[in-house]
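Before any comments, here is the structure.
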Amino acid sequence: MSESLTVRGSAEGSFAPIADVLGRSAAGVGLIHGGAALSVRHHGKPVVDLVLGDYDSSRRQVLFSVTKIVTAMSVFAARDAGIVDLDQPMSERWSSMDHPGAREVTLRHVLSHRSGINGVDGTFSASSFAQGDDVLAAAAQTPRWRPGTRHGYHTVTFGSLIRGYLEHVGDAAFSDLFNSLVSPVAGDRLSIAGTATGFDDVQSILFSPPRDIRTPADQSPAFARDALIESLLADVSVFNSIPFLSATIPGLNAVGTAPALADLLASAGRGQIISDKSLEEMVSLESHGTDATLGVPSAFGAGVQRPFPRFPMTSANAWGHEGAGGCAAFYDPDRDLAVGFTTNAFPPYTGHSPMLSAVLPSIILAADSDI
């Protein structure tokens, strides 16, 4: 007896075949439990809002590192408001970073993953995130290379350092800044550290056993040691827990939906969220080449990913971010195309889901055919 895989929702005009392609991609990866949602905005208009499998696109889910997109926008919104200077040493306004090695770290170094604080030494408890201990640990960490001289993915410390600095120099909590930036576009569909509605609508992440992928060049993923991420991965059920969801972890734990991501990036890419100058700086290439954390080529602007082999997006000028749990979002200025993808079926490796990879060529074809 054959098993059915249902694709629901809408796909308009030249994007109509995406429904079939998305279903085939899910069948190809053997999706059994959970599901996914894909939303696409072309020239600011909804053209795709599809849901497949056992998944409710109206419910939010943890976005993992896709969170970094809106965290970066929050930093640039603070810069637009005159609150921060991206190139001023953070130690000049945050005494916790006034120690050897870290004194010259700037917000731009952190945003572009060039601060040298790509992880934290020692030991750490997942429960300590609720108290903001990750912020204190990141600020006290001695950089592992001179800031600005190389790049290595700041998995958790990206958000810890940004949160600590913004909360130290500003008047509001980071979560307030984050949510005030997002709410005009996404409402309660995208937030961090709780909202008035709590977490009743957040769906659980379903984990697959990890696979160790080997290549001819032996470039298997090998994160540099980080006590922060180790504390979270010690028991992956923590990602479905209220303590994790209610903590403020600006690199990892925003919750949202695919339509909210697509709407937000469509607005941001069209210059409606931060100033034109800030948008240009955010997406300009700051780091590329072999990543000192991941051991493979990566590329970053100031807080967003730029296309690289693992995440090519849909053009060389696109920008966005993928998340460890399979979610991803990006904007392609060449096509005025915004894509939001969420899934609670955590793939057996870090990064965006193969379900999204499989539909990218079809999205390109549909956008280029849409007149």
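The values are calculated or read from the model by the stated rules, or taken from the named source; none is laboratory data. Every value quoted in this text rests on a predicted model; they were computed, and no experiment measured them. In this analysis, Cβ positions are derived from the backbone assuming ideal geometry, glycine residues included, and neighbour counts consider all displayed protein chains. Ligands, DNA and RNA are stripped out before the accessible areas are found, and what is left, the full protein with its side chains, is counted by its heavy atoms. Shrake-Rupley method; radii C 1.70, N 1.55, O 1.52, S 1.80 Å.
With the condition kept exactly as written, say whether any residue in the range 148-167 is hydrophobic (A, V, I, L, M, F, W, C) and either surrounded by fewer than 17 Cβ atoms within 10 Å (Cβ to Cβ) or farther than 23 Å from Ala77 by Cα (or both).
No, the range 148-167 has no match at all.
Let's see how each residue does on (1) under 19 Å from Ala358 (Cα atoms); (2) open to solvent by 40 Å² or more (accessible area, probe 1.4 Å); (3) of a type outside the set (A, V, I, L, M):
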position: Lys45; (1), (2), (3): no, yes, yes
position: Gly53; (1), (2), (3): yes, no, yes
position: Arg60; (1), (2), (3): no, no, yes
position: Gly82; (1), (2), (3): no, yes, yes
position: Asp85; (1), (2), (3): no, yes, yes
position: Trp94; (1), (2), (3): no, no, yes
position: Asp98; (1), (2), (3): no, yes, yes
position: Glu104; (1), (2), (3): no, yes, yes
position: Leu111; (1), (2), (3): no, no, no
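Filtering the range 327-352 down to residues that are more than 27 Å from Glu280 (Cα to Cα) and touching a Phe, Trp or Tyr at 6+ places or on another chain (Cβ under 7 Å), which residue is modelled with the lowest pLDDT? Write out each step before concluding.
Taking the range 327-352 first, the residues more than 27 Å from Glu280 (Cα to Cα) are 343-350.
Now restrict to residues that are touching a Phe, Trp or Tyr at 6+ places or on another chain (Cβ under 7 Å): 344, 346.
Working: Asn344: 96, Phe346: 92.
Among those that are more than 27 Å from Glu280 (Cα to Cα) and touching a Phe, Trp or Tyr at 6+ places or on another chain (Cβ under 7 Å), it is Phe346.
Against the condition under 14 Å from Val304 (Cα atoms) and not charged (D, E, K, R), how does Phe64 come out, does it pass? Walk me through it before giving the result.
Details: under 14 Å from Val304 (Cα atoms): yes; not charged (D, E, K, R): yes.
Answer is yes for this residue.
Yes or no: Ala78 assigned to a helix (DSSP H, G or I) and modelled with pLDDT under 95?
Answer is yes for this residue.
Yes or no: Arg24 within 19 Å of Met355 (Cβ to Cβ) and either open to solvent by 10 Å² or more (accessible area, probe 1.4 Å) or of a type in the set (S, T, N, Q) (or both)?
yes
Which residue pairs have Cβ atoms closer than 6 Å, lie 6 or more positions apart in sequence or on different chains, and pair a first residue in the range 18-45 that is touching a residue at least 24 places away in the same chain (Cβ under 8 Å) and under 24 Å from Ala266 (Cβ atoms) with a second residue that is in a strand (DSSP E or B) and of a type in the set (S, T, N, Q)?
Ala36/Thr343; Ala37/Thr342
If you take the residues in the range 114-147 that are among the aliphatic types (A, V, I, L, M) and either open to solvent by less than 50 Å² (accessible area, probe 1.4 Å) or touching a strand residue (DSSP E or B) at 6+ places or on another chain (Cβ under 8 Å) (or both), which one is farthest from His99 (Cα to Cα)?
Step one: list which residues in the range 114-147 are among the aliphatic types (A, V, I, L, M), which gives 117, 120, 126, 130, 135-140.
Among the residues that remain, those that are also either open to solvent by less than 50 Å² (accessible area, probe 1.4 Å) or touching a strand residue (DSSP E or B) at 6+ places or on another chain (Cβ under 8 Å) (or both) are: 117, 120, 126, 135, 137-139.
On the way: Ile117: 13, Val120: 15, Ala126: 26, Val135: 15, Ala137: 13, Ala138: 12, Ala139: 9 Å.
Once the filter is applied, the top-ranked residue is Ala126.
Please pick out the residue among Ser204, Ser220 that is over 23 Å from Gly34 (Cβ atoms) and either in a loop (DSSP other than H, G, I, E, B) or modelled with pLDDT of 95 or more (or both).
Exactly one of Ser204, Ser220 is over 23 Å from Gly34 (Cβ atoms) and either in a loop (DSSP other than H, G, I, E, B) or modelled with pLDDT of 95 or more (or both), namely Ser220.
Condition check ((1) charged (D, E, K, R); (2) over 20 Å from the mean Cα position of the chain (by Cα); (3) on the phi < 0 side of the Ramachandran plot) across all residues:
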{"position": "Gly82", "(1), (2), (3)": "no, yes, no"}
{"position": "Thr106", "(1), (2), (3)": "no, yes, yes"}
{"position": "Arg114", "(1), (2), (3)": "yes, no, yes"}
{"position": "Gly122", "(1), (2), (3)": "no, yes, no"}
{"position": "Gln141", "(1), (2), (3)": "no, yes, yes"}
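Looking at Phe244 and the list (1) open to solvent by less than 40 Å² (accessible area, probe 1.4 Å); (2) out of contact with any Gly (no Cβ under 7 Å at 6 or more places or on another chain); (3) modelled with pLDDT under 90, which single condition is not satisfied?
For Phe244, the failing item is (3).
What tally of residues in the range 325-358 results from selecting those that are crowded, with 23+ Cβ neighbours inside 10 Å and either in contact with a helix residue (DSSP H, G or I) (Cβ under 8 Å, 6 or more places away or on another chain) or not polar (S, T, N, Q) (or both)?
Total meeting the criteria: 20.
Of all residues being under 23 Å from Leu206 (Cβ atoms) and in contact with a Leu (Cβ under 8 Å, 6 or more places away or on another chain) in the range 1-18, which is least open to solvent (accessible area, probe 1.4 Å)? Just the residue, please. Don't jump to the end; show me each part of the working.
Taking the range 1-18 as the starting set, the residues that turn out to be under 23 Å from Leu206 (Cβ atoms) are 2-9.
Retained after the next criterion (residues that are in contact with a Leu (Cβ under 8 Å, 6 or more places away or on another chain)): 5-9.
Details: Leu5: 63, Thr6: 76, Val7: 47, Arg8: 92, Gly9: 69 Å².
Ranking the qualifying residues of the range 1-18, first place goes to Val7.
Regarding Gly323, is this residue of a type outside the set (A, V, I, L, M, F, W, C), under 15 Å from the mean Cα position of the chain (by Cα), closer than 30 Å to Thr149 by Cα and modelled with pLDDT of 95 or more? Walk me through how you get there before you give the answer.
Details: of a type outside the set (A, V, I, L, M, F, W, C): yes; under 15 Å from the mean Cα position of the chain (by Cα): yes; closer than 30 Å to Thr149 by Cα: yes; modelled with pLDDT of 95 or more: yes.
It is true that Gly323 is of a type outside the set (A, V, I, L, M, F, W, C), under 15 Å from the mean Cα position of the chain (by Cα), closer than 30 Å to Thr149 by Cα and modelled with pLDDT of 95 or more.
Which ones in the range 286-298 are open to solvent by 10 Å² or more (accessible area, probe 1.4 Å) and either in contact with a His (Cβ under 6 Å, 6 or more places away or on another chain) or under 15 Å from Gly148 (Cα atoms) (or both)?
Glu286, His288, Gly289, Thr290, Ala292
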